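*Asks:* Structure below; questions to follow.
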Amino acid sequence: MRVTVFSAQPYDRRFFDELAAVQDADDDIEWHYQEAGLDAGTVALAAGSDAVCVFVNDCLDAAVLDTLATLGIRAIVLRCAGFNNIDLAAAHRLGLFVARVPAYSPEAVAEHALAMIMTLNRKTHRAFNRVREGNFALDGLLGVTLHGKTAGVIGTGRIGLCMARILKGLGCEVLGYDPYPADAFQAYGEAVPLEALLARSDIVSLHCPLTEQTHHLIDDGTLAAMKPGAMLVNTSRGALIDTPAVIGALKSRQLGALAIDVYEQESELFFRDHSAEIIDDDVFARLASFPNVLITGHQGFFTVEALREIAQVTRANLMAYAEGIECPNRL
Ligand code: NAI
C-alpha cells in the first residue's frame with residue numbers, strides 16, 4: 001500500500017522508519033513523505049497512492065476530499081486526535097475510510113500545559129535570559145504560589161483528566177466543566193457549570209475539542225465572566241479562542257496572563273522556520289508583544305512516547321483498512 005504523508009517533518013519520518021525497521025516483511029506499507037501540507041493546491045501530490053496520512057493543519061474540506069476520491073485514494077489516516085480539519089460528512093458520502101489516533105499520551109499535552117503555567121507564573125523564560133546576561137535582579141519575576149489556588153479545567157476528557165490530576169497534585173482546588181462529565185473527574189475536583197468555573201478560577205485551562213459549540217468559547221462575554229487577573233491556557237485548538245477579544249482583555253488587564261500552544265491562524269505559521277522572514281500576521285505579532293503571554297508552536301504532543309504511539313496506531317489503522325478488519329479508531 002502506498003501512503004502519501006502530508007506535512008511530513010523529519011521526526012515523522014524517524015518514527016515511521018523506526019517502526020518499519022521492526023515490522024514483519026509482510027507489512028508492505030510504502031511511506032511517501034511530502035513536506036507540503038494538504039490543501040486544494042497540493043492534493044495532486046497524492047496521485048498514485050492508496051491512502052493519505054495527514055496532521056492537524058492539513059485541510060480536508062469537501063473539495064479536497066472530492067479530489068482525493070477522484071485520484072483513487074480510499075483511506076485517510078490522521079496522525080492526531082482532533083478531527084476538526086476534516087469534513088467527515090463529505091468523507092462518509094464518498095465512502096472514504098477515515099481513522100485517527102484518539103489518545104497518544106494525554107499526559108504529554110497536560111504536562112506541556114503545566115510547563116506553560118509554571119513558566120508564565122514564575123517567568124523562568126525571562127530569568128533564563130537575564131541570568132545569562134549577568135542580571136540577577138528579581139524585579140519583574142514575581143509569581144504567585146499555586147498551592148491553594150483554584151484551577152478550572154474545561155473539557156474533562158482524557159487530557160483534561162490528566163490536567164486535573166496534575167493540578168490537584170500541586171495543591172490547587174480543581175473545578176471542571178464538561179457537558180458530558182466523566183465520573184473519573186470526581187477523584188480530582190468539583191464539576192461545576194461553566195459560569196461558576198470562569199468566575200472562581202485563577203487559572204482556566206482548555207481541553208475540549210473544537211466543534212461548532214466550542215468555536216470562540218472564549219470571547220468578550222466569557223472573558224468578562226472570568227476572575228480579573230486570571231491566567232488562560234489553551235493547548236487544545238486555536239479557534240476555541242477569539243484572539244482579538246483576548247488581546248482586548250489583556251490590554252484592559254482583565255486577563256492576567258495567556259499561555260497558548262495553539263492559535264487560530266496557526267496553519268500559516270506553525271511547524272516551519274520563519275525566523276528570517278517578516279511575519280505578516282499582525283494579530284499574532286501583537287500577542288507575541290505582551291510580557292504576560294507565552295506562545296509555543298503546537299508542541300503539546302511532542303514527546304518520544306507520543307510520537308511512537310502515533311506511528312504505531314497510524315500503521316495499525318492502515319493495516320485494519322487494508323485487511324478489511326474492524327478499526328476501533330475509525331471515524
Ligand atoms: P477527549 O475527547 O478525551 O476529551 C474532550 C472532552 O471535552 C470530552 O470529555 C467532551 O465531553 C468535552 N467537551 C465537549 N464539548 C465540550 C464543551 N462545549 N465544553 C466543555 N467540554 C466539552 O479529548 P482529549 O484527548 O482530551 O483531547 C482534547 C483536545 O486536545 C483535542 O480535541 C485536541 O483538539 C487537543 N489536542 C492538542 C494537542 C497538542 O499538541 N496541543 C495534542 C492532542 C490533542
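The values are calculated or read from the model by the stated rules, or taken from the named source; none is laboratory data. Only a predicted model underlies this, so the values are computations on that prediction, with no experimental measurement involved. Note: ideal-geometry Cβ built from the backbone for every residue, glycine included; neighbour counts use all protein chains shown. Ligands, DNA and RNA are stripped out before the accessible areas are found, and what is left, the full protein with its side chains, is counted by its heavy atoms. Shrake-Rupley method; radii C 1.70, N 1.55, O 1.52, S 1.80 Å.
*Asks:* Would you please name the residue that is most open to solvent (accessible area, probe 1.4 Å), looking only at residues in region 67-93 that are more than 16 Å from the ligand (Cβ to nearest atom) and of a type in the set (S, T, N, Q)?
*Replies:* First, the residues of region 67-93 that are more than 16 Å from the ligand (Cβ to nearest atom): 67-76, 87, 89-93.
From what's left, of a type in the set (S, T, N, Q): 67, 70.
Values: 67: 55, 70: 120 Å².
Among them, the one singled out is 70.
*Asks:* Sticking with this structure for a sec: Restricting attention to region 209-248, report how many residues are more than 16 Å from residue 294 (Cβ to Cβ), hydrophobic (A, V, I, L, M, F, W, C) and more than 18 Å from the chain's Cα centre (by Cα).
*Replies:* Qualifying residue count for the region: 5.
*Asks:* Right, something else. Check off (1) away from the ligand (no atom under 16 Å from the Cβ); (2) in the same structural domain as residue 11 (by TED's automatic domain parsing) for residue 54 and give me the number that stays unchecked.
*Replies:* (1)
*Asks:* Can you spot a residue in region 301-322 that is more than 16 Å from the ligand (Cβ to nearest atom), more than 30 Å from residue 3 (Cβ to Cβ) and more than 20 Å from the chain's Cα centre (by Cα)?
*Replies:* no
Each row is one residue, and each column tells you yes or no for (1) over 29 Å from residue 60 (Cβ atoms); (2) in a strand (DSSP E or B); (3) under 19 Å from the mean Cα position of the chain (by Cα); (4) within 16 Å of the ligand (Cβ to nearest atom).
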position	(1), (2), (3), (4)
108	no, no, yes, yes
112	no, no, yes, yes
118	yes, no, yes, no
127	yes, no, no, no
135	yes, no, no, no
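*Asks:* State which residue is surrounded by the fewest Cβ atoms within 10 Å (Cβ to Cβ) when the search covers only region 137-156 and only residues that are within 15 Å of the ligand (Cβ to nearest atom) and part of a loop (DSSP other than H, G, I, E, B).
*Replies:* If we take residues in region 137-156 being within 15 Å of the ligand (Cβ to nearest atom) and part of a loop (DSSP other than H, G, I, E, B), then 155 is surrounded by the fewest Cβ atoms within 10 Å (Cβ to Cβ).
*Asks:* Okay, moving on. Could you say which residue among 220, 273 is farther than 20 Å from residue 114 by Cβ and in contact with a helix residue (DSSP H, G or I) (Cβ under 6 Å, 6 or more places away or on another chain)?
*Replies:* Only one candidate passes the filter, namely 220.
*Asks:* Filter region 157-176 down to the residues that are over 22 Å from residue 257 (Cα atoms) and not in a helix (DSSP H, G or I) and list them by number.
*Replies:* 157
*Asks:* Among the residues of region 278-291, write down those that are more than 21 Å from the chain's Cα centre (by Cα) and assigned to a loop (DSSP other than H, G, I, E, B).
*Replies:* 278, 279, 280, 289, 290, 291
*Asks:* Would you mind stating whether residue 269 is within 27 Å of residue 83 (Cβ to Cβ) and among the aliphatic types (A, V, I, L, M)? Step through it out loud before you land on a result.
*Replies:* Details: within 27 Å of residue 83 (Cβ to Cβ): yes; among the aliphatic types (A, V, I, L, M): yes.
Judged against the criteria, residue 269 is a match.
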